[in-house]
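Enquirer: One structure follows; several queries about it will come next.
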Amino acid sequence: MRHFCNTVVVYLTLVTAAWAQTTIAPATIPNTPAAYRDLKFPPLKKVAIPNVAAYTLPNGMKLYLLEDHELPVVGGTVRVRTGNLFDPADKVGLAGITGTVMRSGGTPGKTGDRIDEELENIAASVESDIGESSGSVSFSTLKENIDEVLGIFQDVLTRPEFRQEKIDLAKSETRSGIARRNDDARGVAEREFADIVYGENTPYGWQIEYATVDHITRADMIAFYKRYFFPANMLMAVWGDFSTAEMQAKLTKLFGGWNYEQPKVPPFPPVREKAHPGIYLARKDDVTQTFFIEGHLGGQLNDKDFPALVVMGDILGGGFQSRLVQRVRTQLGLAYEISADWGANYDHPGTFEIGGSTKSASTADTLKAIQEQVERIRSGEVTQDELETARQSALNGLVFAFDTKTKTLSRLLNYEYFGYPKDFIGRYQRGLEAVTRADVLRVAQEHVRPADLTIVAVGKTDEFQKSLATLGLPVSSIDLTIPEPRPPESKTDTAPNSSAGNAANAGQLLQRAQQAVGGAEKLAAVKDLLEIAELHVDPSAGGATMRRMDRWLAPAYFREDTELPFGTVSIYGDGKTGWMSSPQGQAPLPPAQLKPVQDKLLRLFFPMLLSDRLPGRTVKLAGEGMLEISDGQGSTVRLFIDDKTGMPAKVEYGSATLNGQTSTIDETYDSFEEVDGIKLPKRMTISQNGKKYADVVVTSVKLNTGLKSEDLSKKPEALGKKP
C-alpha cells in the first residue's frame, strides 16, 4: 500500500550502505569462532582484466565486445563525448532535457510510449541520458531478442524524434524539481557547497532556473544532438551471451553506414583553481538541526597521491572507526552523523568534503571539533592500526567494483573515454598497498588546506548557541530565494506564495481528502496497522517479486520485514533510533541509513492525511491540487489530490542514492477498497525519475489489532526466518 514502497527504490541502497558502514560485534553473529582474531585470509588478488575485443568502424565509431556466457542476456552502451558542461549560460538544463527526450520522444516511426510497450513485452530496456561530462544510450535484453532490441537501440541513437509533447513534459518535470530544490536541507548544503567551491559563474556551478528552462526550444535540442551525437565521437561497448564475430557483424551492418560527421568536440572547460574560504549560512526555519559541509577542491583520479588521499580520508571520516566519528559523534556527542571523503573525478578536480548534521545549538562547537581533527591529521602520523584498517577497506572495495566482467568492462570504457591507461586499476591497487603512515601525513599536509576551507551550514540560525564568527572565518549569508518563473501566456502553473490564504486553501484541500477517504475522525481513530503486500519489480528494473509485512504503531513506531531469496531483512525505527537484521547479523542503523526510515513516517497514509493536526508539520499549497507537507526534520512530501473525487491520487518525494544523487519517486494510488470505513488503495504504481519501477499489490490490511511497541522492536531470534 502507501508506505509499503516508501523505500522500495532505495531498499538495496539502504541494506548495502548500512552493512558497509556497520561493524558487527562477533557476539551477534551465530557460530562465530572464539579465536576469530586468529582467522587468516589470503591477500587480495590482482584485478583480472577480461579479454575485450576492440574494433573501429570506418566512420570512426569504436566498438568493444566482451563475451560472457554466464547468463542468456546481452547489454550494451554508447558513450558520447558531451555533457551539461556544454550548456549555454542562458539555457542551463539543455543537455539533461535532451538526454531525456532522446528516448521518451521516440523515433520517426514509433512514439516513446509505443517503444515502452514493445520493450516491456519482451523484458528489455533502452535508455538515454546526458550527465555532466558524458552522454549515453544503453540497452539490455534477453539473448533471443537481441535483433529486435538492437533495431530500437539504433533508431533511438541515430534518429530521435524529440516530440514536442515529451519536451513539454520533461520541462515541466524540471520546473517541478526547481520548485522543490530547497525542500531537503541536506541537498541544499550539498548544492550550495558545490556552487561556491567550483564557482557559481562557471559551468561546474551553474544552476538550472525557470528562465533557463523557458529558453530551451525543440530546435535547441535538435542542434545539441546533432553537434555531439556522431560516430567518431562515440565509444560502444557490448557484453553478454553472444559470439564476438557475429556481434561485430551485426553492429557493423547497423552502424557502419552511418557516416554523419561533425568537427572534433572541444575539451571541457577547466576548473578554476581558486579557494573560497569562509562560512556561508543558509537560513531554513523548517528544520530542527543543522546540515553542514566543509572542504575545498580535491583532485583527479590519476593524481599520484590519490591512493594515499583515499586512505587519509577514510581515517579522518570513513566509518565508525574514523577519527571524526569517534571524537565528534561518539565522545563529544555533537553530531548526529559525520563523514569525510577525498573526492576525485576522471578529468577535473573533485571535492574534499566533511559533512554531517548536528543540533542547531551545537553548530559552532561541532565545526570547532572538526577543525581540531583536521589539524590533528596534519600534525602527526596516524597509527599502524588506523592505516591498516583504512587501506584494507579501500582494497576490499575493489572486489565489489570489479567482481563481474560487466563492471570491469564499464571501468575500461571509462578509462578509454577519459584517456587513462588500461592498467590504471592495477596501478591504483599497487598504490594503495604501498601507502605508509608517512605518506598519509605528507598528503594531509600538502593537500588539506585549513585556510581554504569553505563551510556551508543550513539550519535554523536563530537557535545557534554560539556565533560561527568565533571560528575565525568570515561569515556570509546565502540567499535561497528561487527566482520566479516567467508567467505563461495561459493559466499560471506556478505555486502560490506561502501566506495566510495559502494555508487556508491548503487546509481546505487536505480536509477534502480526509472526507473523501472516510473522514478525519476515522483516520484519527487508527492507532496501528498490519499490512502484507507483494512488490513486482518491472522487468526494465531487474524483474523480481518480494513479499513484505509492514507494521505501524502511532505515533512513530515502524517495522518492515521483507522476504528476499537469501532470507528475511527486517528494518525497525521508532523515529529516533533503529536497527536492521539480516542473515548476516544484526546492527543499529547509522544516522544516514536511519533517515530514510524516519522519512517514511511522513508518508504513512493515516498520519499524512492528518498532517494539519500533528505538531511540527507544515502543510502548504504547492500548486493546483497539490499539497507540500513538511515535518521540520528536513523531510518533505508532495500529495496530489484528484480534482473530481477529492481522493489522494499520488505522492511525490526525493530519495537519495548511493552515488549521492537524488531520485524523484512517484507513488500513484489505485483500486481503493474500504477497510473499517476508510478507503485505502490496494494497488500502487511506483516510478523513479518518470520511469516505471514497480507495481504493488496489497493482499491483507488489518487496523487497530492491538500492536504494542515491543511487538515491533523485538529482533528476530532466527536470522533468515520468514516473517
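Enquirer: At 0.36 nm per residue, minus the direct Cα-Cα distance, what do THR217 and GLU446 gain on full extension? Give it in nm, one decimal, please.
Expert: Here the segment from THR217 to GLU446 would lengthen by 77.7 nm.
Enquirer: Rounded if a/c is under 1.5, else prolate if a/b is larger than b/c, else oblate: which is the chain, with a ≥ b ≥ c the root eigenvalues of its Cα gyration tensor?
Expert: rounded
Enquirer: Taking the Cβ of LYS166 as the centre, find all other residues whose Cβ is under 12 Å away and add up their charges (Lys, Arg: +1; Asp, Glu: -1).
Expert: Taking every Cβ under 12 Å from that of LYS166, the sum is -2.
Enquirer: What distance in nm lies between label points placed 7 Å from Cα along the C-beta direction at ASP90 and GLN384?
Expert: With each label point 7 Å from Cα toward Cβ, the separation is 6.6 nm.
Enquirer: Measure off, as a whole percent, the carbon and sulfur share of the 1.4 Å-probe accessible area of the range 195-330, all protein chains present.
Expert: Heavy-atom surface of the range 195-330 belonging to carbon and sulfur, 1.4 Å probe: 54 percent.
Enquirer: Using the Cα centre as the reference, give the magnitude of the dipole from point charges on the C-beta atoms of the range 160-312 (Lys, Arg: +1; Asp, Glu: -1; all else neutral), rounded to the nearest 20 debye.
Expert: The calculated dipole for the range 160-312 is roughly 460 debye.
Enquirer: While we're here: At a probe size of 1.4 Å, how large is the accessible area of SER243, to the nearest 10 Å²?
Expert: 50 Å²
Enquirer: Using a 1.4 Å probe on the protein heavy atoms only, what accessible surface does LYS460 show? Give it in Å² to the nearest 10.
Expert: 40 Å²
Enquirer: Nearest 5 is fine: what % of DSSP beta bridges in the chain come out antiparallel, could you say?
Expert: Roughly 90 percent of the beta bridges in the chain run antiparallel, per DSSP.
Enquirer: With runs of 4+ DSSP H residues as the only contributors, calculate the mean residue ellipticity of the chain at 222 nm using -39,500 (n - 2.57) per run, divided by the residue total and rounded to the nearest 500.
Expert: Helices in the chain give a 222 nm mean residue ellipticity of -10000 deg cm²/dmol.
Enquirer: Turning to a different aspect of this structure: What aspartates and glutamates does LYS715 reach when the alpha-carbon gap must be under 18 Å and sequence neighbours fewer than 8 apart in one chain are set aside?
Expert: ASP550, GLU560, ASP561, GLU563, ASP574
Enquirer: Using a cut-off of under 11 Å, list every residue of the range 54-81 whose amide N is near the label point 7 Å from the Cα of LYS250 along the Cα-to-beta-carbon line.
Expert: 73-76
Enquirer: Placing unit charges on C-beta atoms (Lys and Arg positive, Asp and Glu negative, everything else neutral), compute the dipole magnitude of the range 545-688 about its Cα centre in debye, rounded to 20.
Expert: With only Lys, Arg, Asp and Glu charged at Cβ, the dipole is about 280 debye.
Enquirer: Could you please put TRP239, TRP258, TRP552 in sequence from largest to smallest accessible area, using a 1.4 Å probe?
Expert: Heavy-atom accessible area, descending, gives TRP239, TRP258, TRP552.
Enquirer: Related question: Along the charge dipole of the chain, Cβ charges K/R +1 and D/E -1, which of LEU627, PHE224, GLY131 sits furthest on the positive end?
Expert: Among LEU627, PHE224, GLY131, the one farthest towards the positive end of the dipole of the chain is GLY131.
Enquirer: On a full-extension model of 0.36 nm per residue, what is the gain between ALA232 and LYS264, subtracting their alpha-carbon distance, rounded to one decimal in nm?
Expert: 10.7 nm
Enquirer: For the chain, report the accessible area per residue in Å² (1.4 Å probe, heavy atoms, rounded to an integer).
Expert: It amounts to 45 Å² per residue over the chain.
Enquirer: Quick one: Cα centre-to-centre distance for the range 242-272 and the range 575-609, in angstrom?
Expert: Spelled out, the Cα-based centre of one part sits 46 Å from the other.
Enquirer: Given +1 on the Cβ of Lys and Arg, -1 on the Cβ of Asp and Glu, and no further charges, what dipole in debye does the range 582-650 carry about its Cα centre, rounded to the nearest 20?
Expert: Computed about the Cα centre, the dipole is about 140 debye.
Enquirer: With a 1.4 Å probe and every protein chain left in place, tell me how much accessible area ASP385 has, in Å² to the nearest 10.
Expert: 120 Å²
Enquirer: Let me ask something additional. Span-like helices, the chain: DSSP H, alpha-carbon axial extent 18 Å or more, mean Kyte-Doolittle -0.5 or greater, which ones?
Expert: 185-198, 384-401, 500-517
Enquirer: Lys/Arg Cβ at +1, Asp/Glu Cβ at -1, dipole of the range 343-439 taken about the Cα centre: which of THR436, GLY419, ASN396 is farthest positive-ward?
Expert: After comparing all options, I get GLY419.
Enquirer: Next up: Out of the GluC sites (Glu not before Pro) in the range 271-347, which ones are loop residues according to DSSP with at most 12 other C-beta atoms within 10 Å?
Expert: Here the GluC sites (Glu not before Pro) that fit, given the DSSP loop and packing criteria, are GLU273.
Enquirer: Could you please put LYS250, LYS166 in sequence from largest to smallest accessible area, using a 1.4 Å probe?
Expert: Heavy-atom accessible area, descending, gives LYS250, LYS166.
Enquirer: How high is the FRET efficiency from ALA53 to ASP423, r the C-beta distance, R0 30 Å, rounded to 0.05?
Expert: 0.95
Enquirer: Now, a different point. Sorted by accessible area with a 1.4 angstrom probe, largest first, how do TYR557, TYR225 fall?
Expert: Descending accessible area places them as TYR557, TYR225.
Enquirer: Rank GLN688, PRO555, TYR204 by how far each Cα sits towards the positive end of the charge dipole of the chain (+1 on Lys, Arg Cβ; -1 on Asp, Glu Cβ) and give me just the farthest.
Expert: The Cα lying farthest towards the positive end belongs to PRO555.
Enquirer: Would you mind telling me the share, in percent, of accessible area of the range 548-636 contributed by carbon and sulfur at probe 1.4 angstrom?
Expert: Heavy-atom surface of the range 548-636 belonging to carbon and sulfur, 1.4 Å probe: 56 percent.
The values are calculated or read from the model by the stated rules, or taken from the named source; none is laboratory data. What you are looking at is a predicted structure, and each value in this text was computed from that prediction instead of being measured. Heads up, the Cβs are rebuilt from the backbone with ideal geometry, glycines too, and the neighbour counts pull from every protein chain shown. Heads up: the accessible areas ignore ligands, DNA and RNA and are worked out on the full protein's heavy atoms, side chains in. Shrake-Rupley method; radii C 1.70, N 1.55, O 1.52, S 1.80 Å.
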